[in-house]
Amino acid sequence: MPNTLHALRGPDHHAPPDPALHAFFLDFDGTLVDIAARPSEVVLLPETVDLLKALQQASDGAVAILSGRALAELERLTAPVAPVLAGTHGVEIRRDAGTLTPSFANRRALDTAYPVLDDLARSHGLLLETKPGALALHYRNRPDLAPLCKNAVSEVARKSNLRMIAGNMVCEAMLTGYDKGRALQTLMGETPFRDRIPVMVGDDTTDEDGFLAAQQLGGIGVSIGRRDSCARLFCPDRYSAMDWLRAGVERSV
């Protein structure tokens, strides 16, 4: 296990975050769980559940998971913890008071894009995931098709006035106006996140908006495994990132 604190870059931010001062915004896949061959196969390990519960308690509940997954699936996977959740890159937000699902003025754009991507997925044995506000084309089983998938989603998004985002072996056509950075900014204006210092931890290009938003608010972005990031801090793997967060909890006790 590498020394997490020395693996992080940025001379002012080597110390673990203090749960009494910080708010925690965490990606799910590749951050809280290992990437699996299929999205349904991921497992939230008991030690990660324990860490999330400890973070919740130490921060008075200022813990949110920001994920590209649909909210319903994210709720199922995180049921032992029940944190604040933002699904589909912020399209859906679940707070303690319930779920916010915005009305989609351009929902028809997704309906138009679906047949094109569905045909592509069926032709090549790929997984097309339908989510509120997005269509996600997964090609982990066919990485050689990455250029084809990206081009197809990009073209569909352009024609349908959607936003194309590329992640770890997945590319999505989604409604405009939503991303993890906007979700973070929204939650930072609310209790229990308000007046805290945001910490955004993620491993994918879809987390870049969250890193940028956290840092614009005077906080910290932590990129896992990716040095080509706007995040000011770097961690070599998700286990080191979890150790870094755990150290902050232990120092606060």
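The values are calculated or read from the model by the stated rules, or taken from the named source; none is laboratory data. Note that the structure is a prediction, hence the values are computed from the model and not measured. Here the Cβ positions follow ideal geometry from the backbone for every residue, glycine too, while neighbour counts run over all protein chains shown. Heads up: the accessible areas ignore ligands, DNA and RNA and are worked out on the full protein's heavy atoms, side chains in. Shrake-Rupley method; radii C 1.70, N 1.55, O 1.52, S 1.80 Å.
For this structure, a couple of remarks:
- Members of region 34-70 found to be in contact with a Leu (Cβ under 7 Å, 6 or more places away or on another chain) and farther than 22 Å from R140 by Cβ, listed by number: L51, L55, V63, A64
- Whichever residue in region 160-181 is charged (D, E, K, R) and within 25 Å of F24 (Cα to Cα) and, among such residues, is most open to solvent (accessible area, probe 1.4 Å): D179
- Residues being open to solvent by less than 40 Å² (accessible area, probe 1.4 Å) and polar (S, T, N, Q) - total across region 193-216: 2
- Single match in R142, R163, R194, R182 (criterion: of a type in the set (D, E, K, R) and closer than 14 Å to L110 by Cα): R163
- Qualifying residue in region 127-136 (condition: of a type in the set (A, V, I, L, M), open to solvent by 20 Å² or more (accessible area, probe 1.4 Å) and in contact with a strand residue (DSSP E or B) (Cβ under 6 Å, 6 or more places away or on another chain)): yes
- The residue of region 147-159 that is farthest from the chain's Cα centre (by Cα), among those that are open to solvent by 20 Å² or more (accessible area, probe 1.4 Å) and either among the aromatic types (F, W, Y) or within 13 Å of A136 (Cα to Cα) (or both), is A152.
- Test for L233: is it open to solvent by less than 10 Å² (accessible area, probe 1.4 Å), touching a Gly at 6+ places or on another chain (Cβ under 6 Å) and farther than 22 Å from M169 by Cβ: yes
- Total residues in region 17-47 satisfying the condition of being more than 21 Å from G210 (Cα to Cα) and open to solvent by less than 40 Å² (accessible area, probe 1.4 Å): the figure is 4.
- Selection count where residues are buried (at least 20 other Cβ atoms within 10 Å of the Cβ) and either without any contact (Cβ under 8 Å) to a residue 12 or more places away in the chain or small (G, A, S) (or both), scope region 182-192: 1
- Among (1) open to solvent by less than 20 Å² (accessible area, probe 1.4 Å); (2) within 15 Å of D27 (Cα to Cα) - the single one S59 does not satisfy: (2)
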